[in-house]
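*Asks:* I am attaching a structure below and will ask some questions about it afterwards.
The values are calculated or read from the model by the stated rules, or taken from the named source; none is laboratory data. On a predicted model such as this, the values are computed, not experimentally measured, just so you know. All Cβ positions, even for glycine, are placed from backbone atoms using ideal geometry, and neighbour counts span all protein chains on display. The accessibility values were calculated without ligands, DNA or RNA, using every heavy atom of the protein model including side chains. Shrake-Rupley method; radii C 1.70, N 1.55, O 1.52, S 1.80 Å.
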Amino acid sequence: MSDFDIIVIGAGPAGSAAAAWAAKHGARVALVDKATFPRNKLCGGLFTERSRRYYREIFGQDFDLTQAVTRHDIAFWHEGSELAVIRDIPPLHLTMRLDLDDTLFRHALDAGAVDFSGRSIAQLSENSMSFKNGETLTTDILIGADGVNSIVAKHLFGAAFDTETVGFGLEIELSEVTQNPGKNQLRIDFGAASWGYGWSFPKQHSTTIGVGGLRAPNPNMKTHMRHYLEALGLDPDAVKFKGHHLPFGDFRKTPGRANIVLAGDAAGLVDPITGEGIAFAMKSGQIAAQSALDALAAGAPETTLTRHKMGLRDMHKNLRIACTLRRIIFAPRWQKTFTETFRRSKTVRVMYMRLLAGELEYPQLARAVLARLPRYVVNAFRR
Ligand SMILES: Cc1cc2nc3c(=O)[nH]c(=O)nc-3n(C[C@H](O)[C@H](O)[C@H](O)COP(=O)(O)OP(=O)(O)OC[C@H]3O[C@@H](n4cnc5c(N)ncnc54)[C@H](O)[C@@H]3O)c2cc1C
């Protein structure tokens, strides 16, 4: 008999959700992470109502909002001018990943997952893994939830992501809220980077400012970040930015092999328009865990991938539509038309917000945007 039914590698939102769900349903689960918690993760920390809904479903309780900032208004900017301030939007919660991920990790341990955090992995195989200290664990099923640089994805496919299609973000955490001349506005700036955007997210004790987008068309992301900081009235030389990749719409159609499956960033599950990844990480972790539980119940761990793929069908469909829609939102030749449509059409703005807040999915947004664009754009887009 194996030491564990399931080993989950990575204890971020995807891994903690997977471990909590599987342990809660009776599986013997090991939760492995190279970091010791609490640990930070470069991220805007925007926690949507979609995240909140998945959190409730997976962890069986309401998300504690006392450490978050909740906003009901957002400003959209484009090249230095304000496109729109939208008020009375569905709530957006701004969290710190240090706290959020620690909470998720503790939930997984409380559910019964065994803690193997703070240990580096030396080797992986289909049914086992060993740590650098020589300790080896055996398992029936492996869930790779180890982020965008996933060693599980590398083990399966030779590389964690495609450098041509991956995204990249730079961020700073500004400790003095008063330094932000945006007066603490929750703000998104289209055009701050090619095929991406800039953001300024107010937190309880700081402001997270960043730019991000596809990496290939932005070899000069640092320059974009400097310009964005200057546009916000900040001195780029006075701050130090940090960077991190994100799989910006580059999801894996086959997220695993037989008894090894991937979840979250390791499976490429980040929204290619909004950059939202926390919700999809938690949900795909739960789906991976349920697929593993079903495969174990059927006595067929090798069927985990087939089940996982079925479970991810709706998420993949949404991401595919989002990737198509991204061409008119971000492509430099259409961006002016899109921002004009965005400025003019309250329906598109409200739908975009409902999408961001997790109340709406992409098929409805796509229909609304297409109906309001000039015909020549729609035709070009369909070709
Ligand atoms: C700049 C930026 C801003 C973003 N802003 C937002 C936002 O505002 N809202 C939002 O929803 N999403 C945002 N995202 C996306 C979001 O951060 C990710 O989608 C999310 O963190 C994915 O969760 P995960 O659990 O899959 O991976 P991660 O959160 O990356 O967790 C992976 C875990 O695996 C561990 N690990 C990695 N390698 C190994 C290894 N070799 N061995 C053991 N453990 C390992 C890590 O220590 C980590 O704990 C942003 C991303 C970036 C880069």
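*Asks:* Segment 213-286: which trypsin sites (Lys or Arg not before Pro) are DSSP loop and have at most 16 other beta-carbon atoms within 10 angstrom?
*Replies:* Answer by residue number: 240, 253.
*Asks:* Here is a follow-up. Over the chain, with a single point scatterer placed on each C-alpha, what log10 of the ratio I(q)/I(0) does the Debye formula yield at q = 0.13 1/Å?
*Replies:* Cα-only, vacuum Debye calculation for the chain: -1.04.
*Asks:* Report, in deg cm²/dmol and to the nearest 500, the calculated mean residue ellipticity at 222 nm for the chain, where each DSSP H run with n ≥ 4 adds -39500 (n - 2.57) and the sum is divided by the residue count.
*Replies:* The helix-only estimate for the chain comes to -12000 deg cm²/dmol at 222 nm.
*Asks:* Can you list the residues of segment 73-112 with backbone N under 11 Å from a point 7 Å past the Cα of residue 65, pointing along Cα to Cβ?
*Replies:* Answer for this model: 90-94.
*Asks:* For segment 71-154, go through all pairs of different Cα atoms, get the mean of 1/r, take its inverse, and jot down that Kirkwood value in Å. Display every interim value, and only then the final one.
*Replies:* Details: mean 1/r = 0.0585 Å⁻¹.
The answer is 17.1 Å.
*Asks:* To the nearest 20 debye, what is the magnitude of the charge dipole of segment 261-383 about its Cα centre, counting +1 on the Cβ of each Lys and Arg and -1 on the Cβ of each Asp and Glu?
*Replies:* 1040
*Asks:* Please give the net charge around residue 59, taking every other residue with its beta carbon less than 14 angstrom from that of residue 59, where Lys and Arg add +1 and Asp and Glu add -1. Walk me through the numbers before you get to the answer.
*Replies:* Working: positive: 24, 52, 53, 56, 106, 283; negative: 57, 62, 64, 101, 102, 110.
Neighbour charge sum, excluding residue 59 itself: 0.
*Asks:* Spin-label point model (7 Å from Cα, Cβ direction): what's the residue 88 to residue 306 distance in nm?
*Replies:* The answer from the label model is 5.2 nm.
*Asks:* Relative to the longest principal axis of the C-alpha atoms of the chain, give the angle of the C-alpha long axis of helix 346-356, reported between 0 and 90° and rounded to the nearest 10°.
*Replies:* Taking the Cα atoms of the chain, the angle to 346-356 is about 20 degrees.
*Asks:* Same structure again: For segment 167-246, what is the Kirkwood estimate of the hydrodynamic radius, computed as the reciprocal of the mean inverse distance between distinct Cα atoms, to one decimal in Å? All intermediate terms of the calculation are to be shown ahead of the outcome.
*Replies:* Details: mean 1/r = 0.0810 Å⁻¹.
The Cα-based Kirkwood calculation yields 12.3 Å.
*Asks:* Now for a different question. Mind checking Rg over Rh on segment 253-370, alpha carbons, Kirkwood formula for Rh?
*Replies:* 1.10
*Asks:* What do you get for the angle between helix 278-297 and the principal long axis of the chain? Use alpha-carbon atoms, 0 to 90 degrees, nearest ten.
*Replies:* Roughly 30 degrees between the two axes.
*Asks:* If I model a spin label as a point 7 Å beyond the Cα along the Cα-Cβ vector, how far apart are those points for residue 99 and residue 253 in nm?
*Replies:* Going by the 7 Å Cα→Cβ label model, 4.3 nm.
*Asks:* What nm value, rounded to one decimal, do you get for the distance between residue 333 and residue 57 when each label is placed 7 Å out toward the C-beta?
*Replies:* According to this spin-label approximation, the distance is 3.9 nm.
*Asks:* Now, a different point. What size of dipole, in debye to the nearest 20, comes out for the chain about its Cα centre when the only charges are +1 on Lys and Arg C-beta atoms and -1 on Asp and Glu C-beta atoms?
*Replies:* That gives the chain a dipole magnitude of about 1580 debye.
*Asks:* Sticking with this structure for a sec: Taking a 1.4 Å probe, which of 227, 78, 244 shows the most accessible area, and what order do the others take after it?
*Replies:* 227, 244, 78
*Asks:* Of 86, 40, 289, which is farthest on the positive side of the dipole of the chain, counting Cα position, with +1 on Lys and Arg Cβ, -1 on Asp and Glu Cβ, and the Cα centre as origin?
*Replies:* 86
*Asks:* Sticking with this one: Percent antiparallel among DSSP beta bridges with both residues in the chain, to the nearest 5? Write out the running numbers ahead of the final one.
*Replies:* Values: 42 of 63 bridges.
Taking every DSSP beta bridge within the chain, about 65 percent pair in antiparallel fashion.
*Asks:* Work from the charge dipole of the chain (Cβ charges, +1 for Lys and Arg, -1 for Asp and Glu, about the Cα centre) and give the residue of 54, 221, 31 farthest towards its positive end.
*Replies:* Going by the Cα projections, it comes out as 221.
*Asks:* Need one number: % antiparallel among DSSP beta bridges in segment 167-246, to the nearest 5. Write out the running numbers ahead of the final one.
*Replies:* Details: 24 of 24 bridges.
Percentage antiparallel, nearest 5: 100.
*Asks:* Using the crude model of +1 on Lys and Arg Cβ and -1 on Asp and Glu Cβ, and no other charge, please compute the dipole size for segment 1-56 relative to its Cα centre, in debye to 20. Mind dumping the intermediate values first?
*Replies:* On the way: 9 positive and 4 negative charges, 61 e Å.
Roughly 300 debye for segment 1-56.
*Asks:* Using only the Cα atoms of segment 62-106, what do you get for the radius of gyration and for Dmax, in Å?
*Replies:* Computed over the Cα atoms of segment 62-106, radius of gyration and Dmax are 14.3, 43 Å.
*Asks:* Oh, and also: Can you give the longest stretch of the chain with no exposed loop site, where a site means GluC sites (Glu not before Pro) in a DSSP loop (not H, G, I, E or B) with at most 12 other C-beta atoms within 10 Å? Show your work: numbers first, answer last.
*Replies:* Numbers: sites that count: 135, 164, 176.
It works out to 177-383.
*Asks:* Which of 125, 194, 150 ends up with the largest GNM mean-square fluctuation for the chain, with Cα atoms connected below 10 Å?
*Replies:* Maximum fluctuation in the GNM of the chain, among the listed residues, is at 125.
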